[in-house]
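Worksheet: the structure to be examined is printed underneath.
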Amino acid sequence: MIHNLEEALRYIRENEVKFIDFKMVDLRGRWKHLTVPANTFNADTLQYGIGFDGSNYGYAEVKKSDMVFIPDLKAAALDPFTYEKTLVMIGDVMVIEEPENRPFDQYPRNVAKAALDYMRKTGAADEMIIGPEYEFHVFENVRRAVRPDKIAYELRNAESYWSNDDKENLGFHHPYDGGYHADLPGDATYNLRNEIVMNLEQFGVDVKYHHHEVGGSGQLEIEVSLGNMLKLADDTLAAKYVIRNTAAENGVSATFMPKPVYGEAGNGMHVHMLLRKDGKNLFYQQGTYANLSKTAMYFIGGLLKHVRALCAFTNPSTNSYKRLLPGFEAPATVGYALANRSSVIRIPSYAKSPDVKRFELRSPDATCNPYYAYSAILMAGLDGIENKIDPKDHNWGPFDFNLYDLTDEEKAHLEHLPSSLEEAAKALEDDYAFLTKDGVFPETLIRTWIGMLRKDAGNLRKIPHPAEIDMYYDL
């Protein structure tokens, strides 16, 4: 870890770094980048930053779109994918003003910092600790077409059951939803995952483990260690960058789309979480349900109260709602339970130690902007603590049974996640006051976000679907 300019210059010199690559984040959560020769990096870079035009990043307009990027030295890492030695730096964005610049309040990393500041200001906790699980698919070939005469996509994966009639075929295929923890030689991506983990280490991302996931068509998972919310938001974008680029270097394509394969399990990004104060885990209390404290239960209550609105940030794509269906390893019913994968909030039974006692929110997926998603999760939980929202008072559980097996009559008595992006956008429009406390989420940002979601949903609604040919062509 680099702490100051002197250490940075020494690192650049000793590692023969040729370029500095600054990574900025757009509204949706994609990395953008701007590169400078390493010999131009100096004290002015840290004080005055690198200027750029922020109008192309998707945020709501400000009076002046000229902004500056201020690098965070602690987050610097050597890029394993460039020909010349390149040092990657992430950081924060400021709006240029007189007499001095101010933090751009819509910028994702600034929102996350504001959420953490608000948490400390309330006295609820000192740290928000999270641990995301990254699920993704790998394909050898991806073809798509969206044009007047052809609307289609085609995926090729040698592990999948539908590739057993390929001319070049070794005969090792996973059955439908039969890929969980598959071993060699059927696990064709084992060496790729090892390489991904080694590249993640260069970015300071601590991996807990990796394995083949349930989806038999190249679905994989990498789970990382618990850590500080801001660092894990940084690490989430680094992980997506590393996974995609390592895959590309090996001649395959990685996607975090929630539901790329019809009829099989989709890709989530379950988020484990706990709060700490003075180094103590606030979520542990022996002798209660699942050994969770009142603070933990109130946090769960806040999450479940606002979970439909949260979906606008944690599941912000039209494809997200093709995953949030009963029966495909994804939750659809609002509730919590111990060791129950069908509930929105699951309390892992294996996390017994007081230091790591926690629960996971199972609804999010990696199409989210992690800074916004993690911040929104924190703000919802803090609202639950502030207002002492006990989930048991709202028929949110505990549900210690399979929620996928409920009858329609039983389902009617429970609350459910949005079934579409339009529904999620409406839920956020109706419930966002918990996000704007202390200015953490600017209202301008929320309005822009809702508009973006509705535009996506509207665009997709105009496009005929291939399945409609099957359903209606002969009517």
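The values are calculated or read from the model by the stated rules, or taken from the named source; none is laboratory data. Quick caveat: nothing in here was measured; it's all calculated off a predicted structure. Counting neighbours? That spans all protein chains shown, and the Cβs are built from the backbone with ideal geometry, glycine included.
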Specify the residue that is farthest from residue 451 (Cα to Cα); the eligible residues are those in the stretch 43-74 that are among the acidic types (Asp, Glu) and part of a loop (DSSP other than H, G, I, E, B).
-> 72
Restricting attention to the stretch 2-35, the residues that are at positive phi and either surrounded by fewer than 17 Cβ atoms within 10 Å (Cβ to Cβ) or among the polar types (S, T, N, Q) (or both) number exactly 1
So, in the stretch 420-435, of the ones that are part of a loop (DSSP other than H, G, I, E, B) and over 19 Å from the mean Cα position of the chain (by Cα), which residue ends up surrounded by the most Cβ atoms within 10 Å (Cβ to Cβ)?
-> 434
Just give me the residues in the stretch 36-61 being exposed (fewer than 15 other Cβ atoms within 10 Å of the Cβ), in contact with a strand residue (DSSP E or B) (Cβ under 6 Å, 6 or more places away or on another chain) and farther than 17 Å from residue 77 by Cα, in sequence order.
-> 51
Is it fair to say residue 336 is over 20 Å from the mean Cα position of the chain (by Cα) and either part of a helix (DSSP H, G or I) or at pLDDT 95 or above (or both)?
-> no
Kindly establish whether residue 61 is more than 18 Å from residue 108 (Cα to Cα) and either in the same structural domain as residue 452 (by TED's automatic domain parsing) or free of Cβ contacts under 8 Å to residues at least 40 places away in the same chain (or both).
-> no
Examine the stretch 26-40 for a residue that is closer than 27 Å to residue 201 by Cβ, of a type in the set (Asp, Glu) and part of a helix (DSSP H, G or I), and state whether such a residue exists.
-> no
Within the stretch 118-149, track down each residue that is touching a residue at least 12 places away in the same chain (Cβ under 8 Å) and small (Gly, Ala, Ser).
-> 124, 125, 131
Output the residues belonging to the stretch 242-283 that are of a type in the set (Gly, Ala, Ser) and closer than 19 Å to residue 210 by Cβ.
-> 247, 248, 253, 254, 265, 266, 268
Can you name the number of the only condition in (1) closer than 30 Å to residue 2 by Cα; (2) buried (at least 24 other Cβ atoms within 10 Å of the Cβ) that residue 300 fails?
-> (1)
Enumeration of residues in the stretch 212-248 that are closer than 27 Å to residue 163 by Cα and outside any helix (DSSP H, G or I) | 212, 213, 214, 215, 216, 217, 218, 219, 220, 221, 222
Could you say which residue among 438, 365 is acidic (Asp, Glu), in a loop (DSSP other than H, G, I, E, B) and either farther than 26 Å from residue 279 by Cβ or modelled with pLDDT of 95 or more (or both)?
-> 365
Go through (1) surrounded by 22 or more Cβ atoms within 10 Å (Cβ to Cβ); (2) touching a Phe, Trp or Tyr at 6+ places or on another chain (Cβ under 7 Å); (3) at pLDDT 95 or above one by one and return the number of the condition residue 216 breaks.
-> (3)
